[in-house]
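Undergrad: Dumping the structure here so I can ask a few things about it.
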Amino acid sequence: MVPASAQDEPRVAWRSTGRSLRTPNHVIRLFRAKSGRTVVGHVRRRRLRRAGHCSRSSTMSIPAVAAAVSIGELQSFNKASRRELGASPRALRTRRRTAVP
C-alpha cells in the first residue's frame, strides 16, 4: 500500500541517459532543437509519407491506407495528407496511374 502523501505527489518520469537524469519534457525539447519539429509532428510526417507510398504503390483502398497508418477518421486523413503531402490520397494515386505507362 502506498502512503497517502505519496499518492498526492505528481509523478515525474525520470529517464537515465548516461550520467544525467532528464525529464520527458526535456527530452522533447532536445528532440525539437535537434530535428526542428516536435515528436508528434515527426510521427505524423512519417505516417503520412508511408501513406503516400501505400497510395501510390498499392491497390489498397483509401480507408485501408488510413487505417494502416493509424488514422481512424477519413476526413482527418485527407486533411493531413493535403497539409503534409500537398494533395489528397486520391490525387496521389491518380498521379501514379498517369505517370506509369
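A quick yes/no check of all residues on (1) exposed (fewer than 11 other Cβ atoms within 10 Å of the Cβ); (2) basic (Lys, Arg); (3) on the phi < 0 side of the Ramachandran plot; (4) in contact with a Lys or Arg (Cβ under 6 Å, 6 or more places away or on another chain):
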site: ARG29; (1), (2), (3), (4): no, yes, yes, no
site: GLY72; (1), (2), (3), (4): yes, no, yes, no
site: PHE77; (1), (2), (3), (4): no, no, yes, no
site: ALA91; (1), (2), (3), (4): no, no, yes, no
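Undergrad: In segment 38-59, what residues are touching a residue at least 24 places away in the same chain (Cβ under 8 Å) and either touching a Cys at 6+ places or on another chain (Cβ under 8 Å) or closer than 16 Å to GLY86 by Cα (or both)?
TA: Selection gives ARG44, ARG45, ARG47, LEU48, ARG49, ALA51, GLY52, SER55, ARG56.
Undergrad: Go through segment 41-70 and give me each residue that's β-branched (Val, Ile, Thr) and loosely packed, with under 13 Cβ neighbours inside 10 Å.
TA: The answer is VAL43, THR59.
Undergrad: Look at segment 10-59 and say how many of its residues are at pLDDT 90 or above, closer than 13 Å to PRO89 by Cα and not in a helix (DSSP H, G or I).
TA: Here the count works out to 0.
Undergrad: Follow-up. Taking segment 60-85, which residues are without any contact (Cβ under 8 Å) to a residue 24 or more places away in the chain and of a type in the set (S, T, N, Q)?
TA: SER61, SER70, GLN75, SER76, ASN78, listed by residue number.
The values are calculated or read from the model by the stated rules, or taken from the named source; none is laboratory data. Treat the numbers as computed from the prediction; the structure is a model and nothing was measured. Every residue, glycine among them, receives a Cβ derived from its backbone with ideal geometry; neighbour counts consider all protein chains shown.
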